[in-house]
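Participant: For reference, the structure I am asking about is given below.
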Amino acid sequence: MEQCRHVAIIMDGNGRWAKAQGKPRSAGHLAGSENVRTIAIAASELGIEYLTLYAFSTENWKRSKDEVGYLMKLPAVFFDKYMKELIERGFRIRIIGELDALPADTRAVMEKAERDSAMNTKLSLNIAMNYGSQREIALAASAFAKDVLAGKAAPDIEPEDFEKYLMTNEFPPVDLLIRTSGEQRISNYLLWQIAYAELEFVPEAWPEFTPEVLKRCLDEYYHRDRRFGGVKP
Ligand code: IPE
Ligand code: IPE
Ligand code: MG
């Protein structure tokens with residue numbers, strides 16, 4: 001079976017999880033951010049090399065000012081608390097998404113995490129922040145068009161060449177995409193990169209997605225038959 005190198009997770013259900021406990025949505029987001037540490041460690045121990053987590057989508061700006069404000073503050077809380085440990089564990093933080101639209105302090109915190117961990121090679125912990133896949137592909141097309149106009153690229157392009165313009169250009173394709181909290185949709189996440197990913201939708205909300213659930217997802221992955229369009233003997 002194809003080695004599972006790259007897992008992507010749509011971390012959904014923080015709000016419903018909090019509501020079920022009579023807590024504000026922000027409490028769900030805080031618990032969810034704590035779980036990023038737990039699951040990153042578990043993923044690394046399970047041999048995963050790339051973990052790409054959907055933290056904030058280009059559509060999430062539609063939420064209340066209070067909720068967006070809280071989500072923008074969470075990276076600072078998270079990295080203040082855990083950056084030292086994540087570096088010691090050999091994790092490399094990488095951010096995908098349009099950072100220039102974020103509040104300046106949020107952006108600064110995230111870019112610092114990237115810089116401070118740039119030498120690490122163990123787990124690549126990729127955080128999608130203000131990320132939307134259609135935007136990413138449109139931006140890639142623009143960058144490619146500009147290169148053509150500048151004479152730096154030929155106008156005929158193959159998928160392998162186009163991928164170099166995506167925000168994920170340093171990552172291998174996604175092997176396994178997991179969405180928590182029961183919803184069965186992609187919500188504008190990694191549309192290009194999941195072309196041949198295995199998909200798993202689990203009922204647990206993100207704050208209750210434990211290392212055991214991740215292990216169960218991987219077991220399921222290793223029981224699947226990935227054909228990539230071919231025929232297995
Ligand atoms: C996921 O949880 C976190 C973000 C999208 C930022 P939600 O906030 O979407 O939680 P639900 O789906 O409303 O329960
Ligand atoms: C997807 O979850 C985005 C993130 C997890 C960051 P949403 O909760 O925003 O997705 P929809 O609105 O249910 O599709
Ligand atoms: Mg949701």
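The values are calculated or read from the model by the stated rules, or taken from the named source; none is laboratory data. These numbers were taken from a predicted model, which means no experiment stands behind them. For neighbour counting, all protein chains shown are included, and Cβ atoms are generated from backbone atoms with ideal geometry for every residue, glycine included. Quick note on the areas: whole protein, heavy atoms, side chains included, nothing else; ligands and nucleic acids left out. Shrake-Rupley method; radii C 1.70, N 1.55, O 1.52, S 1.80 Å.
Participant: Answer yes if at least one residue in the range 145-163 is at negative phi, assigned to a helix (DSSP H, G or I), of a type outside the set (D, E) and under 20 Å from the mean Cα position of the chain (by Cα), and no otherwise.
Facilitator: No, the range 145-163 has no match at all.
Rundown of residues vs (1) out of contact with any Ser or Thr (no Cβ under 9 Å at 6 or more places or on another chain); (2) over 16 Å from N188 (Cα atoms); (3) in a strand (DSSP E or B), yes/no style:
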{"site": "M1", "(1), (2), (3)": "yes, yes, no"}
{"site": "D12", "(1), (2), (3)": "no, no, no"}
{"site": "W17", "(1), (2), (3)": "no, yes, no"}
{"site": "K23", "(1), (2), (3)": "yes, yes, no"}
{"site": "L53", "(1), (2), (3)": "yes, no, yes"}
{"site": "W61", "(1), (2), (3)": "yes, no, no"}
{"site": "V68", "(1), (2), (3)": "yes, yes, no"}
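Participant: OK, next. Tell me the residue from G32, G97, G15 that is on the phi > 0 side of the Ramachandran plot and out of contact with any Asp or Glu (no Cβ under 6 Å at 6 or more places or on another chain), please.
Facilitator: It is G97.
Participant: If I filter the range 41-56 down to residues being more than 20 Å from K73 (Cα to Cα) and among the small types (G, A, S), which single residue comes out as nearest to the chain's Cα centre (by Cα)?
Facilitator: Here the answer is A43.
Participant: Limited to the range 100-124, what total is found for residues that are open to solvent by 20 Å² or more (accessible area, probe 1.4 Å) and not in a loop (DSSP other than H, G, I, E, B)?
Facilitator: 12
Participant: Can you name every residue in the range 15-26 that is open to solvent by 30 Å² or more (accessible area, probe 1.4 Å) and either under 19 Å from M72 (Cα atoms) or not polar (S, T, N, Q) (or both)?
Facilitator: R16, W17, K19, A20, G22, K23, P24, R25, S26
Participant: So, of the residues in the range 81-99 that are assigned to a loop (DSSP other than H, G, I, E, B) and among the charged types (D, E, K, R), which turns out to be least open to solvent (accessible area, probe 1.4 Å)?
Facilitator: My answer is E98.
Participant: For R216, state whether it is within 12 Å of I9 (Cα to Cα), among the basic types (K, R) and surrounded by 13 or more Cβ atoms within 10 Å (Cβ to Cβ).
Facilitator: no
Participant: Taking T38 as meeting all but one of (1) among the polar types (S, T, N, Q); (2) more than 12 Å from ligand 1 (Cβ to nearest atom); (3) buried (at least 20 other Cβ atoms within 10 Å of the Cβ), write down the number of the exception.
Facilitator: (3)
Participant: Among the candidates P155, P159, P173, P211, single out the residue that is more than 13 Å from A8 (Cα to Cα), modelled with pLDDT of 95 or more and open to solvent by 70 Å² or more (accessible area, probe 1.4 Å).
Facilitator: P155 is the lone residue from the list that is more than 13 Å from A8 (Cα to Cα), modelled with pLDDT of 95 or more and open to solvent by 70 Å² or more (accessible area, probe 1.4 Å).
Participant: Further, regarding this structure: Restricting attention to the range 176-202, and to residues there that are among the polar types (S, T, N, Q) and touching a residue at least 40 places away in the same chain (Cβ under 8 Å), which single residue is most open to solvent (accessible area, probe 1.4 Å)?
Facilitator: Among residues in the range 176-202 that are among the polar types (S, T, N, Q) and touching a residue at least 40 places away in the same chain (Cβ under 8 Å), the one most open to solvent (accessible area, probe 1.4 Å) is S187.
Participant: Let me ask you something else. Considering only the range 63-79, I want to know if a residue exists there that is without any contact (Cβ under 8 Å) to a residue 40 or more places away in the chain and within 16 Å of T168 (Cβ to Cβ).
Facilitator: no
Participant: Could you pull out the residue among I9, I39 that is within 13 Å of ligand 2 (Cβ to nearest atom) and in contact (Cβ under 8 Å) with a residue 24 or more places away in the chain?
Facilitator: Within the list I9, I39, the selection yields I9.
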